[in-house]
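Visitor: Pasting in a structure now, in structure tokens, and then I'll have a few things to ask.
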Amino acid sequence: MSKQRVFWLVFFGGLLLFAAAIVWYTQRALTSYPPTQAALEALAPDSQVQVQATPYGWVFTPQGTVKGGLAFYPGGLVEPQAYAPVLRKIAAAGYRVALLRVRFNLAVTEQGKARAALAEAPELPWAVGGHSLGGVVASNFAQSNPEVRALVMWAAYPQNDLSGKDLPTLALFGERDGVVRGEQLEASAPKFPKNTLKQVIPGLNHAGFGAYGPQRGDNPATISAEEGWSQIAQQTTAFLDQHLGSAAR
């Protein structure tokens, strides 16, 4: 075998090895957080809430009167089903909740995904919301879609300056959050809409907004998962009742 042929074999072999390493690293880096068993069980319909798979994700519909809608973007690399325990509680309180599925479990890849959910029930007053990166994307969607009546941000802050926008906003945080840093919140504080309601849930960490297990960089929660979900749902529902429920009557 000639030296030239050996060179090209080694060269292309090295390229293949490099490409395989990149694929392996990317797959590891983009490994998603899967839903727990409790999250999967929360996708089952019952006498209070209907749950239906849709082309854009899932929709939770209360059996009784529907007061409004919430289109929800999942956190970065979190499989959307992980938010089912909290979202079905919000649905049981009278809201149509659209849980959005996004490519690669990254809401930034499909920032307009909420349009499909809003189009299914245009007669309802709608809010958009999300957790972490999903909350950032929800704020972008709300900024560019004036039909959105309210914004719900869990452990998130706006990417763009919304301080001049008259948009009722709930900014809900966990006291034990180890992912969203205090300096990040301080720097982003001027970007929130002027009428933002900021609330902190004692003992709740970053991952506690969903049901997907521990998250890298987070602190351990000091309240149970169920208690965290209940408080998140209660505070979110109270906010929606104030800003959407009255619009539906």
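The values are calculated or read from the model by the stated rules, or taken from the named source; none is laboratory data. Here the structure is a predicted model, which means the values were calculated and not measured. For neighbour counting, all protein chains shown are included, and Cβ atoms are generated from backbone atoms with ideal geometry for every residue, glycine included. To get the accessible areas, we keep the full protein, side chains included, count just its heavy atoms, and leave off ligands, DNA and RNA. Shrake-Rupley method; radii C 1.70, N 1.55, O 1.52, S 1.80 Å.
Visitor: For region 173-182, does any single residue satisfy the condition of being touching a Gly at 6+ places or on another chain (Cβ under 7 Å), touching a residue at least 60 places away in the same chain (Cβ under 8 Å) and closer than 17 Å to A107 by Cβ? Working first, answer last.
Guide: Filtering region 173-182 for residues touching a Gly at 6+ places or on another chain (Cβ under 7 Å) gives 174-176, 178-179.
Add one more test, that the residue is touching a residue at least 60 places away in the same chain (Cβ under 8 Å), and what stays is none.
No, there is no match, as no residue in region 173-182 is touching a Gly at 6+ places or on another chain (Cβ under 7 Å), touching a residue at least 60 places away in the same chain (Cβ under 8 Å) and closer than 17 Å to A107 by Cβ.
Visitor: From the list A155, A121, which one is on the phi > 0 side of the Ramachandran plot and either open to solvent by less than 10 Å² (accessible area, probe 1.4 Å) or at pLDDT 95 or above (or both)?
Guide: Details: A121 fails: on the phi > 0 side of the Ramachandran plot.
Only one candidate qualifies: A155.
Visitor: Here's a follow-up. Those residues that are in contact (Cβ under 8 Å) with a residue 60 or more places away in the chain and either over 16 Å from G210 (Cβ atoms) or surrounded by 23 or more Cβ atoms within 10 Å (Cβ to Cβ) (or both), I need them from region 72-86; list them, please. Step through it out loud before you land on a result.
Guide: Taking region 72-86 and keeping what is in contact (Cβ under 8 Å) with a residue 60 or more places away in the chain, we get 72-75, 78-79, 82-86.
Correct list: F72, Y73, P74, G75, V78, A82, Y83, A84, P85, V86.
Visitor: Then there's this: May I ask you to verify whether G94 is in contact (Cβ under 8 Å) with a residue 24 or more places away in the chain, of a type outside the set (S, T, N, Q), open to solvent by less than 10 Å² (accessible area, probe 1.4 Å) and on the phi > 0 side of the Ramachandran plot? Spell out the reasoning first.
Guide: Working: in contact (Cβ under 8 Å) with a residue 24 or more places away in the chain: yes; of a type outside the set (S, T, N, Q): yes; open to solvent by less than 10 Å² (accessible area, probe 1.4 Å): yes; on the phi > 0 side of the Ramachandran plot: yes.
Yes: the conditions hold for G94.
Visitor: A follow-up question, please. For residues that are closer than 19 Å to G68 by Cβ and open to solvent by 10 Å² or more (accessible area, probe 1.4 Å), scanning just region 158-195, find the one that is nearest to the chain's Cα centre (by Cα).
Guide: Looking at the filtered set, the residue picked out is P168.
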